[in-house]
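The structure under discussion appears below in the form of structure tokens.
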Amino acid sequence: MERQMDLMREHHHAQVCRLLVQDLAGTLTVERLADHLSALADLMVDLSLPLCWRKIRIRHREQPRFAVISYGKLGGKELGYASDLDLVF
């Protein structure tokens, strides 16, 4: 799991760097940048859930039965570079 999380972290940093370069070049509007950063955050949450579930399923149930709800900047698809994720499980 640790290696998978490292790969996800590397992918996240690489994608944020690509977006930063486009942002500095002026090819992205603020709205498009927020859309891309929000989509990236959604992807990271989607990829993280199965990894985390493998660690805790023994104590609970075989298949997860819960929702992840985002609110704040992610819920509004308005993430910026320094935004945190406000999640409810």
**OP:** Kindly indicate whether residue 37 is open to solvent by less than 40 Å² (accessible area, probe 1.4 Å), under 26 Å from residue 1 (Cα atoms) and either in a helix (DSSP H, G or I) or touching a helix residue (DSSP H, G or I) at 6+ places or on another chain (Cβ under 9 Å) (or both).
**Re:** yes
Subject >> Neighbours by Cβ (under 8 Å, 6+ apart or cross-chain): first from the range 1-23, in a loop (DSSP other than H, G, I, E, B); second open to solvent by 70 Å² or more (accessible area, probe 1.4 Å) >> reply: 1/54; 1/55
Subject >> Matching residues, the range 40-89, being among the aliphatic types (A, V, I, L, M), in a loop (DSSP other than H, G, I, E, B) and surrounded by 15 or more Cβ atoms within 10 Å (Cβ to Cβ) >> reply: 79, 85
Original post:
Restricting the search to the range 46-89, which residues are closer than 23 Å to residue 34 by Cβ and of a type in the set (S, T, N, Q)?
Top reply: 48, 70, 83
**OP:** Just need a number here: residues in the range 1-32 that are closer than 20 Å to residue 78 by Cβ and either of a type in the set (Phe, Trp, Tyr) or within 14 Å of the chain's Cα centre (by Cα) (or both).
**Re:** 3
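The values are calculated or read from the model by the stated rules, or taken from the named source; none is laboratory data. A quick note: this is a predicted structure, and the numbers were derived from the prediction, not measured. Counting neighbours? That spans all protein chains shown, and the Cβs are built from the backbone with ideal geometry, glycine included. Keep in mind that these areas ignore ligands, DNA and RNA; they rest on the heavy atoms of the full protein, side chains included. Shrake-Rupley method; radii C 1.70, N 1.55, O 1.52, S 1.80 Å.
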